[in-house]
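The structure under discussion appears below in the form of structure tokens.
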Amino acid sequence: MRHTWRRAVGGALTSLTGLAALLIVALLAVILLDVVRGGAGHVTWQFLSEPPSDGMMGGGIFPALYGTAALTLLMTLAVMPVGVLTAVYLHEYAPPGSLLARAVRVAVVNLAGVPSIVFGLFGVGFFIHFVGGNMDRLLGYQELHWGQPGILWASLTLAVLTLPVVIVSTEEALKAVPMDHRTASLALGATQSQTLVRVVLPGALPGILTGAVLAISRGAGEVAPILFTGAAYFLPDLPHAMNSQFMHLGYHSYVLATQSPDVEATRPLLYATVLVLLALTFALNLVAVLIRARTRRRAAAAH
């Protein structure tokens, strides 16, 4: 009787967990099908290669596409070194019970729970007014040069937003490297830094790249942090410098959905823009996943 009850409970839990997973997949499929059905017919070469026109009632999205890709790339280049180095310190160098390590971990946990709009306000106050304004004064600019919204400040703001993701994933990847590998390297006469560079980091690289994938996924679709730090309502020109403003696919979608004089007329453009944003995010993730898979194959072959 007890055995039958356990089997019934186990079957029920299996069914519930499977149903929950199926529900998530079904929701994703419904969203993707709706976006593809509404936008696939309007994604043409002209749409991808031309700037908006007719008050954003026509034309294409190339400036927004370029701006989103450039912003995501700059964000990744900014967040990965800082996040990886922080995680390396926390796991490899920080002494047990270190107050600094505890403070950093508390800060990481708190950063992960801060609303994204707050990061945008932080970017305005710190990066634009404090850092940019002081740079203008030190460099002798008579007009605003660095002390204004630009793609550099927007990418750094997103880097701060995604920093907890990179730190946590990198630290977990470092924990997954067996301690025996470190001990063997040290026993053979390698220093701690040599062990880190030649043994630990190569073993943790797939997990580190997983953090990069998660950071790209989080940062590419964020709109709130860049509203104040660099995104432009309409800007047909491409960003040509680090202090240039830029268009963004996420913000462009918001504008088409809420600020258009004829929302119904721009609905096909809205769906097509969202479809391109999803495709761009998936493409960036795919590149990181392929790099991670290749790294894993190399690591497996080396062992």
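The values are calculated or read from the model by the stated rules, or taken from the named source; none is laboratory data. Bear in mind that the values here come from a model prediction, so they are computed numbers and not experimental data. Please note: Cβ atoms are built from the backbone with ideal geometry, for glycine as well, and neighbour counts cover all protein chains shown. Heads up: the accessible areas ignore ligands, DNA and RNA and are worked out on the full protein's heavy atoms, side chains in. Shrake-Rupley method; radii C 1.70, N 1.55, O 1.52, S 1.80 Å.
Counting only residues that are small (Gly, Ala, Ser) and part of a helix (DSSP H, G or I), which one in the stretch 124-149 is most open to solvent (accessible area, probe 1.4 Å)?
GLY125
Considering each residue of the stretch 259-279, count those that are assigned to a helix (DSSP H, G or I) and either open to solvent by less than 30 Å² (accessible area, probe 1.4 Å) or modelled with pLDDT of 85 or more (or both), and give that number.
Looking only at that region, the number is 14.
Here is a list of conditions, (1) outside any helix (DSSP H, G or I); (2) open to solvent by less than 90 Å² (accessible area, probe 1.4 Å), and LEU284 meets all of them except one; can you say which number that is?
Of the numbered conditions (1) outside any helix (DSSP H, G or I); (2) open to solvent by less than 90 Å² (accessible area, probe 1.4 Å), the odd one out for LEU284 is (1).
Mind listing whichever residues of the stretch 53-92 are over 26 Å from the mean Cα position of the chain (by Cα) and either buried (at least 19 other Cβ atoms within 10 Å of the Cβ) or at pLDDT 90 or above (or both)?
Across the stretch 53-92, the qualifying residue is only MET56.
Would you call PRO225 surrounded by 19 or more Cβ atoms within 10 Å (Cβ to Cβ), in a helix (DSSP H, G or I) and over 9 Å from the mean Cα position of the chain (by Cα)?
Yes; evaluated as a whole, the condition is true for this residue.
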